[in-house]
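The block underneath contains the structure these notes are about, expressed in C-alpha cells.
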C-alpha cells in the first residue's frame with residue numbers, strides 16, 4: 001500500500017482572509033486534518049466550507065504533564081495511505097509548537113512532508129519593523145519560570161553581537177518579563193506587535209521602559225499573543 005502525504009499547512013493568525021488558495025484546496029482534499037484544537041480550526045473550516053474530518057493532535061496528559069502529541073497516531077494514518085494535513089491554531093506549524101517533532105518522525109519513516117506556506121507572526125511583524133533584519137535570532141516563547149533570566153540574558157548577548165532578537169509572549173507574562181528585561185537591558189529598543197492582522201492590531205515602538213510604561217498605563221491592551229523584536 002502506498003503511504004499518504006503529510007501536509008504542513010499554515011493558517012491565519014487572526015484575519016481569516018490570510019490563507020492561500022492552495023491551503024484551502026489541500027484542506028478540502030485531504031482525508032484527515034489533525035489540529036492543535038479542533039474547536040479553533042472548525043471556525044476556519046466552516047468559513048471556507050471545508051468538511052474534511054478533524055482530529056485532535058493531543059492526547060490526555062496526567063495531572064503533572066501536559067497533553068502529549070499523538071505522533072504515532074498520525075504515522076499510523078499515513079502508513080494506511082491517508083493524506084493528512086496538520087494545522088495549529090494560528091500561523092505556520094513548526095514555529096514554537098510540536099509540528100517540528102511530527103515532521104522529524106515522518107521523515108524518519110520515509111514519508112513525504114510537504115509545506116503549504118503562509119502567514120506567521122514572526123514574518124508579519126518583521127515586514128513592518130523598519131529595521132535591518134538581514135540576520136536575527138528567533139527564540140520562541142520565554143520559559144514560564146525556571147530559566148527566564150537565562151532567556152533574557154541571551155536576548156542581551158545576541159544584541160551585543162548586532163543581531164535583533166524576535167520572540168513571542170503571552171499576555172499573562174508580558175509585564176513581568178518586560179520588567180525583567182528592563183533590569184537586564186534598559187537601553188534596548190522594542191518593536192511589539194499585538195493582535196496582528198485583527199481588528200485591534202497595533203505595533204508599538206520605543207525603548208524597554210517606554211513599552212513597559214505604555215502597557216502598565218493601558219492594561220486593557222494586554223490581550224492576545226505578542227510578537228516582539230528587541231534590538
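Candidates 134, 193, 140: the one that is over 27 Å from residue 7 (Cα atoms) and within 15 Å of the chain's Cα centre (by Cα) is 193.
Can you name every residue in the range 162-175 that is closer than 18 Å to residue 187 by Cα and surrounded by fewer than 18 Cβ atoms within 10 Å (Cβ to Cβ)? Correct list: 162, 163, 175. Candidates in the range 103-126 are the residues that are more than 14 Å from the chain's Cα centre (by Cα) and not in a helix (DSSP H, G or I); of these, the one that is surrounded by the most Cβ atoms within 10 Å (Cβ to Cβ) is 116. Any residue that is in the same structural domain as residue 19 (by TED's automatic domain parsing), closer than 23 Å to residue 172 by Cα and not in a loop (DSSP other than H, G, I, E, B) - is there at least one of those in the range 127-143? Within the range 127-143 (the criterion being in the same structural domain as residue 19 (by TED's automatic domain parsing), closer than 23 Å to residue 172 by Cα and not in a loop (DSSP other than H, G, I, E, B)), the answer is no, since none of the residues qualifies. The set of residues in the range 176-192 being in a helix (DSSP H, G or I) and exposed (fewer than 15 other Cβ atoms within 10 Å of the Cβ) consists of 176, 179, 183, 184. If the condition is being over 13 Å from residue 93 (Cβ atoms) and out of contact with any helix residue (DSSP H, G or I) (no Cβ under 7 Å at 6 or more places or on another chain), then the range 13-25 contributes 14, 15, 17, 18, 19, 20, 21, 22, 24, 25. Tallying residues that are over 13 Å from residue 169 (Cβ atoms) and without any contact (Cβ under 8 Å) to a residue 40 or more places away in the chain within the range 187-207 yields 7. Among the residues of the range 216-231, the ones that are in contact with a helix residue (DSSP H, G or I) (Cβ under 6 Å, 6 or more places away or on another chain) and not in a strand (DSSP E or B) come to 1 in all. Just one residue in the set 159, 134 is farther than 18 Å from residue 11 by Cα, buried (at least 18 other Cβ atoms within 10 Å of the Cβ) and out of contact with any helix residue (DSSP H, G or I) (no Cβ under 9 Å at 6 or more places or on another chain); that residue is 159. For the range 85-104, the criterion of being in the same structural domain as residue 195 (by TED's automatic domain parsing) and within 26 Å of residue 43 (Cβ to Cβ) is satisfied by no residue at all.
Annotation: residue 219 fulfils all but one of (1) modelled with pLDDT of 95 or more; (2) touching a strand residue (DSSP E or B) at 6+ places or on another chain (Cβ under 9 Å); the unmet one is (2).
The values are calculated or read from the model by the stated rules, or taken from the named source; none is laboratory data. Everything quoted here is computed from the prediction, not taken from an experiment. Positions of Cβ are backbone-derived with ideal geometry, glycine not excepted, and every protein chain shown enters the neighbour counts.
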